[in-house]
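Only one structure is covered here, and it is reproduced in the block below.
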Amino acid sequence: MVKLEKIEQARTVIQEVIHETPILRVRSLEESWKRKVCFKAEHLQKTGSFKIRGATNAVTHAVTQGAELVTAASSGNHGQAVAYIASKLGISSVIVVPTDASPAKVAAIEAYGGHVEYCGTTSAERIPRAQLLAEEQGGVYIPPYDHEDVIAGQGTIGLEILEQVPDVEIIAVPIGGGGLISGIVTAVKAKRPDVLVVGVEPSLANDTELSLKNGEITAIDPTKTIADGLRTSQPGDLTFPIVAKLLDDLVTVEEHEIIQAMRDLAVRAKQLVEPSGAVAAAAVMAGKIGAPEQKIVAVISGGNIDLARLASLLAGDK
């Protein structure tokens, strides 16, 4: 399992690349949601999501070992991050995306210098393809979540939250494959075991919820949740044991709750957040996390969304 020391080392590796993102507090939302909540604004992170943290740590280590090409499998955000840091470090990247990937995310990957290949609609389809490409071309595959360097990089968010909000009582975190939640919960429980860490999944993509209930990794069928960054088929082999051991609770949110949270963040906070980035906020908004008197930090994990799609969702279309 990833240890605190590895997360602290990752912080040193990535600090010249990433932003230390701000904590946002919106009093009108606190009043409306009846929660003492603030937001860790990873949608304001370089490349528009938290993924740059883990990608920078993993790709940097690959380059120090001689890599000249990296591949990744991604619905968009991880791919953008890998393409960005690969270009910055002077190596090539190939990003395997689903056939229904967000056009905005694909365009960003290409703008960052990544070569895009389409494959299937699930992580179970695109991950083997990215691994094969790395093998065929003598490159290094950078997993989206199931990798110690990636987990450690994402865990740096936990360190920042504890420093920025020292009186935090609950941290709400989106769950897809588990890289973000496993990194954050590792850091937080090592430094402040009294702070509760709660994971949030879309009810349509509840593979971690089912896995925890079954006591083993459990796959789900392909899902059409609007939270495209959380459409993993199952938790990771490395991430799931961490989540099973350390996570305090897990809740799920409905599609309409995600959309309402996006609207509230846009209207009240003036922040444009993608569906995956809004799930933790949605759980707080819906009263599924904490009590009115508890201090909550909800991680907004990303803000990369096609403007036409954003307008459609905020207008109430599906």
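Only the coordinates and a few stated rules stand behind these numbers; no lab work does. Every value quoted in this text rests on a predicted model; they were computed, and no experiment measured them. Don't worry about glycine lacking a Cβ; one is built from the backbone with ideal geometry, like all the others, and counts go over all protein chains shown.
Some notes on this structure:
- Packing-based exposure ordering (other Cβ within 10 Å, fewest first) of GLU31, GLU42: GLU31, GLU42
- With the Kirkwood sum run over all distinct C-alpha pairs, the chain has a hydrodynamic radius of 19.0 Å.
- Inter-site label distance for ARG268 and GLN131 at 7 Å from Cα along Cβ, in nm: 4.3
- Residue of GLY302, GLY153, GLY290 that the Gaussian network model of the chain assigns the largest fluctuation, springs spanning Cα pairs under 10 Å: GLY290
- Rounded to whole Hz, the Karplus (6.51, -1.76, 1.60) HN-Hα couplings of the stretch 83-92, x for glycine and proline: 4, 4, 6, 4, 4, 5, 8, x, 10, 8
- Largest mean-square fluctuation among ILE220, ILE52, ILE157, in a Gaussian network model of the chain whose springs join Cα atoms under 10 Å apart, belongs to ILE220.
- When only alpha carbons are used to place a centre, the stretch 147-223 and the stretch 36-100 end up 19 Å from one another.
- The Kirkwood radius of the stretch 11-145, taken over pairs of alpha-carbon atoms, gives through the Stokes-Einstein law at 20 °C and 1.002 mPa s a diffusion coefficient of 138 µm² s⁻¹.
- Within a straight-line Cα-Cα reach of under 20 Å, LYS224 can be paired with the following aspartates and glutamates, leaving aside sequence neighbours fewer than 8 residues apart in one chain: ASP100, GLU125, GLU201, ASP207, GLU209, GLU254, GLU255, GLU257, GLU274, ASP306, ASP317.
- Less than 5 angstrom separates the built amide H of VAL96 from those of ALA72, ALA73, SER74, GLU117, all sequence-distant by 5 or more or on a different chain.
- Ordered by the count of other Cβ atoms within 10 Å of each Cβ, fewest first, THR64, THR186 give THR64, THR186.
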